[in-house]
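Structure, as structure tokens:
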Amino acid sequence: MASTLFTQNIIACVWDFDKTLIPEYMQAPLFRRFGVDEATFWAETNALAENYRRRGYHIAPEISYLNHLLTYVLAGKMPGLSNRLLRECGTEIKFYPGLPGFFASSRAWVKAKPEYAKHEIVLEHYVVSTGLAEMIRGSALAPQIDGIWACEFIENPLQPGFLKQKEFAMEAAAEIAQIGVMIDNTTKTRAIFEINKGTNRNPAIDVNAKVRPEDRRIPLQNMIYIADGPSDVPSFSVVKNGGGRTYAVYNPAVRAEFEQNDRLRQADRIDHYGPADYTAGSPTTNWLHLHIERICDRIVTDREAAVASRVSRPPRHLTATPEEEAAQAAKRAPKQTSFLE
């Protein structure tokens, strides 16, 4: 008997990281550890593409900062930088108010209502970031995250001829040397479709495979995408056009971020926006709570309607109720003739 792949009773909050969950760039603790001036690093990164162009090279801006980090390692400015050190630096990441508690409390909202529990509705949280995966894994938020898409490095790259080797030297010093995964603002949309189709939970499902809407693990209409600005427009568009919700946040101390979000709202890129404050009762928490509940309510309605349309009513005995019997008797009784007629 044919069956659907997934029950589609899962809701996903998909989060950007920098300036969305944290007020600074996540690499800040890394720069502090090695005594690197953060402003100088980013200024150099932003100037790479133009300087390489003058030398006849072309470099994608999205990959510039990853390459420049590797250059700092090779130049001895960040000696011994490894994935372990990146994860250690992740422990120093400071979050906006209300985090990481919001991730746990929002799951509790969904579990609290009996009608949601009846249909086994659950909320999942995913991070899709152009930042560094190992730093996110080392952060205080990591235990609350169901999946991470972010940039990754390889240590000790395999050397030419490695297919003929039976053993590999284990004493080599761990140090990042190559880019393993690169996520930019366009490839974030691929991550959204992996979450949508369930590729992250079932590797047998290729993200490029054709999957019927009813067979996708988390429909786009069950998603809320939360980010901070124009660089996330591709992801905003995918989720919003698919029937999901989109929400932008801003640092309350930075008026320019507020204005940026307002422009996104005016351009209909997002459904709403609010301060990056995830404490109980904040505008952002209230909005997310409201729309998570609305998605839950729709799932309940859809599932109960499906049961009603697919399950026939059981046969019943043809015994009339007392009220029905009285009505039938009244119809059968002879008509009384009035003496006044």
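Just checking: which of the strands (runs of 3 or more DSSP E) contained wholly in segment 106-215 hold 3 or more residues that are within 20 Å of the chain's Cα centre (by Cα) and more than 29 Å from THR71 (Cβ to Cβ)?
122-132
Identify the residue in segment 75-94 that is over 29 Å from the mean Cα position of the chain (by Cα) and exposed (fewer than 13 other Cβ atoms within 10 Å of the Cβ) and, among all such residues, is nearest to MET26 (Cα to Cα).
For segment 75-94, the residue satisfying everything is PRO79.
Among residues belonging to segment 17-50 that are in a helix (DSSP H, G or I) and of a type in the set (Asp, Glu), point out the one that is farthest from ALA75 (Cα to Cα).
Taking segment 17-50 and keeping what is in a helix (DSSP H, G or I), we get 28-34, 38-50.
Narrowing the set further to residues that are of a type in the set (Asp, Glu) leaves 38, 44, 50.
Working: GLU38: 17, GLU44: 15, GLU50: 21 Å.
Per the stated criteria, the residue is GLU50.
I'd like to verify a number: residues in segment 51-99 that are free of Cβ contacts under 8 Å to residues at least 12 places away in the same chain and either charged (D, E, K, R) or not in a loop (DSSP other than H, G, I, E, B) (or both), how many?
Final tally of qualifying residues: 7.
Bear in mind that the values in this text are calculations on the coordinates, not laboratory data. Worth saying up front: this structure is predicted, and the values here are computed from it rather than measured. As a convention, Cβ positions derive from the backbone with ideal geometry for all residues, glycine included, and neighbour counts pool all protein chains shown.
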